[in-house]
Each structure stands twice: as C-alpha cells, then as structure tokens.
Amino acid sequence: MNEHADAVKQARKIARETVALLSSLDIAPTPSNYALFYHYLSGTNAELTQTIDILRSNHQEFDLLRCHYLCERFFGSQAFNPAPSSHSAGIHAGSSVHSRLIDARPPHMTDSPLPNPFGDIANSSEDSGQNSTSNTGKNGSIDDDTVSSEISRLRQDLEEMRKEAMTDPLTGIANRKMFDQQLRNRAMEAMETGTPLCLLMIDVDHFKQFNDTYGHQTGDQVIRLLAQTLRNNIKGRDTAARYGGEEFSVILPRTDVANARRLAEIIRQNVGQKHVISEIDGSPIEKITVSIGIGCFDYGEPLGRLIQRADQALYLAKQKGRDCVVTEDELNQANDSAPLKPETPVQPMQMTIPRANDAAEPQLNRDGEHKKPKSIPA
C-alpha cells in the first residue's frame, strides 16, 4: 500500500513539473506534448531524455513540427498527426489519449514496456484522413510534403547537434563525453565476448614550454596535428579522443597489450618525424614528441582504475625521459621497487576474472594491419 501511495505521489509530482515545463518552454499543452515531456521528466527513455537535453542546451524551439518529429521518433510513425481534418476529430483524439493517460499505470508502477500513448490519435486520424486535403486548405491543415520535408530537416539538424555535442571543436575527433561513452560500451563488449581491451593515454611533451615559446595559436596547430596523426593510424572500431588539454586517448577494442604497444610506437615515431612549419609566419618549429602510457582492462573492474593505470604508465614515461611508450606491466615492475605515486596507489581488484586467451594465441593480430601514416601538412 505504501508503494502505491509513493508511486501516486511521484506521478503527481512529475505531472506538475510537466505542466510547468510546457508553460516555461511555451509549448502547446496538447495530450501528445504532455505525454512526450512526462516521459522526458520521468526518465523512462534515456535516448528521449538525451535528445531533448541536447535541443534545450542549443536553445531550440519546440514548435509543432519539432514535437511532431519527437513523437514520431520515440512513439511511432503515426503517433501524432499535426493536421486533423476537423476540429471535432482533434477533440475526439485528445479525449481518447487523455483517458488512456489517466487509466494507464505510471511508468514506475509497472515493469512491463510502456504502451504507445498515441495509438488512439492514429486511429481517430485514419477515419478523418480521407477528408483532409494534400495542401493547406480552409481547415488549416498542413501540406503532407511540407511536413515530411520539415521532419527530414529536423532529423538532420538533431543528428548534427548530437554529433557536435560529442566532438572536440578544435580537432574534430571525439571529446571527453564521447570517450566516456565509448569506453563504457567497449568494456561491456569485451566482457561479453571475452576479448582484450587496451587504452592509450598520450601527452605532448613540454607542451607548456612550447606554448610559451611559440604562442597558443601554434600550440593549437600542434594539437590538431596530433589528432590527425591518431586518426590516420587507427581503425574504424578504435576511438581517438581528446581527453583534455594536450592529453589524448585511444580506445583499442580486441587488442592485447603487445599489439597496443606496437600501435603506440607507430604513433610516437610518426609524430616525431613531422617537420612542422608555423601557420602564422612560416618559420620551422622544433621537433614534437609524445609520451604514451598503456593500460589493459581487467574484466569487472571500475573503468576509473583502467584510466588510472594508463595515466600512471604515462607518468612513468615522462619520468623515463619522455618520447617513449610504457605499458602497465612496466608500471607494475616499477611499483614493486618503489611506488610511482604514493598519493594515488593502484587499487587491488575487487573481482578476479581471468582474461580471455591468456594461454592462447592472441585473438587479433594487428601486425601489418595499420596502414602507413599519411604525411600531414603543417
């Protein structure tokens, strides 16, 4: 009984917040819009929540066509008809949906999949659709071709905004948000398939000194060059990302430590061979080098530990003189003799799960797979 009372209380709270949000965003309080934003605020659909968050963060207007598109995408192609043929049909559809919303149990009161709250609108529209015209008429209906083209445009705009939200603006590669998402996905995939997963952490050596000498514009040029080098050396399943500042990362699914090291050496050597010319005055720039740390995912461990090991391996590469690659195995050897970072020690594993293919031949051999890096104009 208490659970029911709590669920009703929570549903009422979300209902009040939904009405307030529709008012603040100047959205027509139609049954379909109400249901759309009720699901958004209740968090029952993660993709819907992310989509509306992106639109709101970009200050997009939730007009008739945009709400139409969202309903179509998340609740079916006939979820919402913006052009009922008559006023009475619209009233009938609204009443039908309203009764469904009242009779339906709130999302948090059932474990079954959510029903399509717009089914009755589709049904009532079928009866009236034959009387509607194909273009704007006296009843104020919207041309079908216009609606279709506008929905296509909105879909394209939304995908562009989604991509922009996941892309680093300076380099064009994945940003930190995309890195976090891809690392979670690849870790889950590694556990499900029993394949290895490695992570490279890459840092430009003496970058602060470089910025002080040549200026921030030239520093940005170096950042872009490193990003392009990573893009030229990874495969489609890999993810290169700008982790922050002059630090980059590469997620390598289905790759063991040995092959991850080979790729890291290719990247390091390729960067060191670049003859960079300043885009500002055409003067030559001193040699650029990078240090790289490598960590390998232990099934079931928090991903923060994988990042920590790769970062500490990077720190050890800096200690060893920079312009080199260090794996977590070398890090463990260094920790046996003297802790690398006493203030942030590597935590013991909570789960002991053997890695797949420990005693077998590596499942994926990257030898020779990586094409020769293209030269990048400075």
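None of Asp298, Asp323, Asp329, Asp336 is assigned to a loop (DSSP other than H, G, I, E, B), farther than 18 Å from Asp203 by Cα and not aromatic (Phe, Trp, Tyr) except Asp298.
Kindly check whether there is at least one residue in region 214-229 that is closer than 22 Å to Lys320 by Cα, touching a residue at least 24 places away in the same chain (Cβ under 8 Å) and out of contact with any His (no Cβ under 7 Å at 6 or more places or on another chain). Reasoning before the result, please.
Here is the first cut: in region 214-229, the residues closer than 22 Å to Lys320 by Cα are 226.
Cutting the leftovers down to touching a residue at least 24 places away in the same chain (Cβ under 8 Å) gives us 226.
Still in the list and also out of contact with any His (no Cβ under 7 Å at 6 or more places or on another chain): 226.
Looking through region 214-229, at least one residue is closer than 22 Å to Lys320 by Cα, touching a residue at least 24 places away in the same chain (Cβ under 8 Å) and out of contact with any His (no Cβ under 7 Å at 6 or more places or on another chain).
Just one of the numbered conditions (1) under 21 Å from the mean Cα position of the chain (by Cα); (2) among the β-branched types (Val, Ile, Thr); (3) more than 24 Å from Ala165 (Cα to Cα) is not true of Thr18: (1). In this structure, Ile251 does not satisfy being part of a helix (DSSP H, G or I) and buried (at least 17 other Cβ atoms within 10 Å of the Cβ). I'd like to check something: does region 287-295 contain any residue that is at pLDDT below 95 and either of a type in the set (A, V, I, L, M) or outside any strand (DSSP E or B) (or both)? Yes, the conditions are met somewhere in region 287-295.
Is there a residue being hydrophobic (A, V, I, L, M, F, W, C), without any contact (Cβ under 8 Å) to a residue 40 or more places away in the chain and surrounded by fewer than 19 Cβ atoms within 10 Å (Cβ to Cβ) anywhere in region 189-206? Step through it out loud before you land on a result.
Applying the first criterion (hydrophobic (A, V, I, L, M, F, W, C)) to region 189-206 yields 190-191, 197-202, 204.
Filter once more, so that each one left must be without any contact (Cβ under 8 Å) to a residue 40 or more places away in the chain: none.
For region 189-206, residues hydrophobic (A, V, I, L, M, F, W, C), without any contact (Cβ under 8 Å) to a residue 40 or more places away in the chain and surrounded by fewer than 19 Cβ atoms within 10 Å (Cβ to Cβ): absent.
Residues in region 1-15 that are under 30 Å from the mean Cα position of the chain (by Cα) and among the β-branched types (Val, Ile, Thr): Ile14 alone.
The values are calculated or read from the model by the stated rules, or taken from the named source; none is laboratory data. Computed from a predicted model, the values in this text were never measured in an experiment. Because the Cβ atoms are built from the backbone with ideal geometry, glycine has one as well, and the counts that use them run over all protein chains shown.
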